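One structure is given here, and the rest of the page talks about it.
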Amino acid sequence: MRGERITSATLAAMKRRGERIACLTCYDAAFARLLEAAGVEVLLVGDSLGMVLQGQPTTVPVKLEHMVYHTACVSRAAERALLIADMPFLSYATEDRALAAAERLMGEGGATMVKLEGGAELADTVRRLTRFGAPVCGHLGLLPQSVHQLGGYRYQGKDAAGAARIEADALALQEAGASLLVLECVPAALAEQLSARLDIPVIGIGAGNRCDGQVLVLHDMLGLLPGRAPRFSRDFMAAGGGVADALARYVAEVKAGGFPGPDETRF
C-alpha cells in the first residue's frame, strides 16, 4: 500500500475531521503487508507478542531484544503505516533507560513511535523522549505490564476516584508531549469524555466505540487463539472468507463506528 507516510500529524488531522483510526497489533512482515493493504493506519508491535507468539502468561517476560527484532520485521514491510513499538517491562524505569530503549526500537527496529504504560509519574520521561525526537504514545487504564500489581486483568476507572486519576494522567501525558493515547478497559463514558477533551487522538481497546480509533490484538480478531477471547474483541473471521476479508471488515467496522458494538461494550 503506497502513499504518503502516516505520522502523528496525520492522525491528529484525522481526529479533527472526525475520521476514525484503525490500528492492529502486528509482529511480522507478512502481516504488515496485509494490514497496510486493508487500510490499517497504525501498526502496533505490542509486547502482547509474549502471550500470542511466545506462549508467556503475561507480557512481563518480554525483553527489549524481542521487541527490536519484531519491530524490525514489521518495519521492513510497512511502507505507509505509523509504526509503534511497545517499550517492554522496566525498559523505561529511568529516563536514561527509556532513551536507550527508544534508540534501539527506532534506530535498529525502525519504529516511528514508542509506547509506554503509565501516567503522570512518567511525564518527565515523556518530555525527555520527545525532546530528543522520539514520539510517544501513552497507555492508560488497564496496564498489562502491571498485572501482578493490579491483581489480574481488571477494568479500571469504574468509580469516580479512578476515573479522575485516569483523566489527570491523560492530561499530564498530553502536556508532556505525548502524540497519542491508548485507553484499555475503561468505561465507555470515560473514554468518550477523554476523547473529546484531549487534543491528541485516543485509541480504545475495551473502551467503547466513541474513541478516535480502535486497536485489537491481531490474533484475537482473527480467532487464532484457543480459549475464550476478551469480551471486548470480535472474531472477524467468523463471517467467512480469508484473512484479507476479515481485515477489511475490521477496518470498515471501525471507520463506520460499528465496532465495538453494544455486546462488546457492556461490562
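Values in this text are rule-based calculations from the coordinates and carry no lab data. It should be emphasised that the depicted structure is a prediction, and the values quoted were computed from it without experimental measurement. Note that we place each Cβ from the backbone using ideal geometry, even for glycine, and neighbour counts take in every protein chain shown.
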**OP:** Answer yes if at least one residue in region 149-160 is closer than 18 Å to Ala9 by Cβ, surrounded by fewer than 23 Cβ atoms within 10 Å (Cβ to Cβ) and under 17 Å from the mean Cα position of the chain (by Cα), and no otherwise.
**Re:** no
Original post:
From the residues in region 161-175 that are of a type outside the set (A, V, I, L, M) and surrounded by fewer than 17 Cβ atoms within 10 Å (Cβ to Cβ), which one is farthest from Ser233 (Cα to Cα)?
Top reply: Glu175
**OP:** Read through the list (1) in contact with a Lys or Arg (Cβ under 9 Å, 6 or more places away or on another chain); (2) closer than 30 Å to His148 by Cβ; (3) surrounded by 15 or more Cβ atoms within 10 Å (Cβ to Cβ), then give the number of the only condition that Gly39 fails.
**Re:** (2)
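So which helices (runs of 4 or more DSSP H) stay within region 1-68 end to end and still have 3 or more residues that are in contact with a Ser or Thr (Cβ under 6 Å, 6 or more places away or on another chain)? It would help to see each step written out before you state the result.
On the way: elements: 8-17, 29-38, 49-52.
In region 1-68, no matching helices (runs of 4 or more DSSP H) lie anywhere.
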**OP:** Would you mind stating whether Ala207 is within 13 Å of Glu264 (Cβ to Cβ) and touching a Cys at 6+ places or on another chain (Cβ under 8 Å)?
**Re:** yes
**OP:** Return yes or no: is Pro187 out of contact with any Leu (no Cβ under 8 Å at 6 or more places or on another chain) and either within 27 Å of Val52 (Cα to Cα) or β-branched (Val, Ile, Thr) (or both)?
**Re:** yes
